[in-house]
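The values are calculated or read from the model by the stated rules, or taken from the named source; none is laboratory data. Note that this is a predicted model, so its numbers are computed, not measured. A quick note on method: Cβ atoms are made from the backbone with ideal geometry, for glycine too, and the neighbour counts reach across all protein chains shown.
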Amino acid sequence: MCRTLVALGLYEPYPGSQRDPLALFAHQVRAALPDVDEPPRLRRGREAAARAAERARARAEREAEDARLAAERNDPVIQARIAETKRRMREQLAAARQQARYRR
């Protein structure tokens, strides 16, 4: 049994040599478990960096969309299409108003 404890990196002290056996046990359990998780400080730093990168990506997307919309606003073809749509909508509204007058 002692050989397996040593192989795991644990040791068995003499019974009277420990002031706090529970602390020794906790230390041995932590030492025996694989160190899979990263320390909380590193995890928080990594998560904060990931959130900052996500915010930067979203900001870049918004800026690209704003630039695309600004380019569309300055495009004469799109402005002509908008003007034509507005003209048709005004005509349709005027026709609907005219029909509403004669229905009464």
Original post:
All but one of (1) exposed (fewer than 10 other Cβ atoms within 10 Å of the Cβ); (2) in contact with a Gly (Cβ under 8 Å, 6 or more places away or on another chain); (3) not aromatic (Phe, Trp, Tyr) hold for GLY16; which doesn't?
Top reply: (2)
Subject >> Test: residue in the stretch 90-100 that is in a helix (DSSP H, G or I) and modelled with pLDDT under 75 >> reply: no
